[in-house]
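What follows is calculated from the coordinates using simple rules that are stated; it is not laboratory data. Source: prediction; values computed, not measured. No Cβ is skipped: glycine too gets one built from the backbone with ideal geometry, and neighbour counts run over all protein chains shown.
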């Protein structure tokens with residue numbers, strides 16, 4: 001029998017509605033899994049055991065007294081992990097940094113409020129690279145997170161704990177942020193569905209800011225349907241975040257199952273160049289073949305400025321980081337700046353340098369212009385194809401310690417992820433295979449605000465494959 | 001003095017003094033070991049970033065708001081904010097209901 005903590009949200013909702021099991025049983029299973037494995041995986045910084053159990057009991061009471069409760073509250077009684085970058089009122093929020101070691105927020109992020117209103121239970125706050133700076137999870141001031149598929153390997157970052165917690169069946173979904181691949185890379189490394197929504201589709205309010213012109217607020221799930229269900233709740237206008245347009249939020253689950261017959265899928269040659277591991281390439285080519293079998297039309301495209309994306313990103317992002325982290329002075333909350341660890345210091349200095357007198361035009365402005373060219377590449381591509389299919393990471397998951405001494409090498413892990421961030425477009429990562437027992441993902445990219453289409457495409461791929469049924473042996 | 005090449009002018013070498021200057025601008029205290037380490041690491045990153053010099057951008061506009069939102073306003077209404085005790089709840093040093101900070105002027 002499948003364990004409760006391994007179910008999808010969809011299956012769990014059916015089980016709860018039919019009273020096959022209770023939220024309390026489910027929550028206890030997740031907590032037991034955390035107790036058993038968190039020491040070695042280090043997915044959670046804070047576990048909210050007492051509160052989670054109380055909320056589970058309350059959810060069960062609501063479900064038994066009100067049969068329609070689950071339709072009003074789609075996540076009622078569902079334990080989720082929340083990246084420790086999201087402010088949670090009264091629950092310690094560290095951003096993975098000792099600067100915020102004792103920070104208790106006075107308010108919650110908009111997304112946290114929306115998920116809680118939908119009945120979700122926050123089972124804990126997940127580990128991350130401090131301030132979301134990293135591709136492996138190793139930059140956390142609370143110790144590295146390990147990949148549940150092989151503890152010698154990194155789970156990908158910066159949303160390392162969220163991905164590891166879900167892969168290790170410690171929760172049923174988890175939130176993340178993706179400024180330069182921080183959802184898609186760990187989803188790829190941990191065999192999960194990962195969504196990076198369009199810039200501004202989901203409110204950033206109350207999520208510790210990294211690079212404000214690129215930060216995207218998304219999540220990890222076990223299925224495309226679950227990803228769509230969560231976006232139904234988190235997407236939309238928020239008066240507290242001026243980048244969220246007053247654009248209608250469709251029912252994102254609706255197009256799943258519509259198939260991809262006749263859909264044009266673009267394959268960007270620049271994503272398959274030098275540096276792409278042969279076995280990763282094979283897996284992505286397998287996925288392309290699968291989409292073709294499902295009736296999609298595969299079209300070769302070019303995104304000529306791809307090779308400049310990471311360089312532009314490593315000007316824009318640290319510049320905005322240096323500005324956002326300037327507020328941490330240890331006066332109103334938290335600890336003084338001495339507590340910043342190396343990676344934050346590197347990015348603050350890089351950004352301060354790029355923005356300093358005489359350099360602004362050569363660096364920040366130049367990068368923001370290159371950004372325009374990258375966005376135009378995508379605009380042009382999407383005039384010919386519906387979506388783009390590409391690898392997420394040029395290599396399979398890497399070992400802990402492999403890249404920590406060489407920051408540039410670490411940054412290059414995101415070389416195929418950052419173009420989407422600069423263009424503000426959504427990306428959906430799907431599990432696509434394994435190399436030596438380690439997961440490999442692919443990403444579907446679509447035009448801005450095309451999440452519905454991405455779920456349709458991801459849903460078709462999911463139907464035709466069974467990679468995400470696999471769970472790591474712990 | 002040797003004339004500087006175009007690349008050097010665009011991407012000056014990061015000296016240890018520049019690292020120290022940038023750290024002081026950013027209000028970061030660095031040991032001399034850290035300065036040496038960051039000089040090396042940041043130089044490697046800047047060298048990589050110089051790749052952008054290949055791209056012609058003379059006639060390109062910059063993109064700062066990627067989805068095209070502009071002039072976003074809200075009604076000028078007072079919202080419920082934090083009360084004084086809540087606002088002060090995270091500080092380690094307060095004085096008569098206010099944040100206590102180090103003297104700025106000597």
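Annotations
- Counting, for every residue in A:365-374, the Cβ atoms of other protein chains within 10 Å of its Cβ and taking the mean gives 6.
- Legend: ranking of residues A:226, A:84 from fewest to most surrounding C-beta atoms inside 10 Å; resulting order A:226, A:84.
- The angle separating the long axis of helix B:32-49 from the principal Cα axis of greatest extent in chain B is about 70 degrees.
- Altogether, the Stokes-Einstein calculation at 25 °C and 0.890 mPa s, with the Kirkwood radius of the stretch A:402-474 over Cα pairs as Rh, returns a diffusion coefficient of 171 µm²/s.
- Residue exposure sequence - A:149, A:131, A:467 - by fewest surrounding Cβ within 10 Å: A:467, A:149, A:131
- For the stretch B:62-106, the convex hull drawn through the C-alpha positions has a volume of 230 cubic angstrom per residue.
- Compactness of chain B was expressed as the Cα radius of gyration divided by 2.2 N^0.38 Å, which yields 1.78.
- 10 Å Cβ neighbours from other chains, averaged over peptide A:338-350: 4
- Listed peptides B:66-79, A:190-203 by packing density, highest first (mean Cβ within 10 Å): A:190-203, B:66-79
- Remark: the stretch A:4-469 is approximated by an ellipsoid whose semi-axes, taken from the C-alpha gyration tensor as √(5λ), come to 31, 28, 21 Å, largest first.
- Rounded to two decimals, the Cα-based Rg/Rh of the stretch A:128-199, with Kirkwood Rh, is 0.93.
- For the peptide B:66-75, the mean number of other protein chain Cβ atoms found within 10 angstrom of a residue's Cβ is 5.
- Volume per residue of the C-alpha convex hull in the stretch A:168-270, rounded to whole Å³: 145
- Bins of 10 Å, starting at 0 and running to the largest distance - Cα pair percent for the stretch A:1-62: 21, 49, 27, 3
- Remark: A:461, A:364 ranked as A:364, A:461, counting other beta-carbon atoms within 10 Å and listing the fewest first.
- Its relative contact order, with pairs defined as Cα atoms under 8 Å and 6+ residues apart, puts the stretch A:130-249 at 22 percent.
- Among A:385-395, A:215-225, A:368-378, the peptide with the highest mean count of other Cβ atoms within 10 Å heads the list, and the full ranking is A:215-225, A:385-395, A:368-378.
- Only helices enter the 222 nm calculation for chain A: every DSSP H run of n ≥ 4 contributes -39,500 (n - 2.57), and dividing by all residues gives -11500 deg cm²/dmol, rounded to 500.
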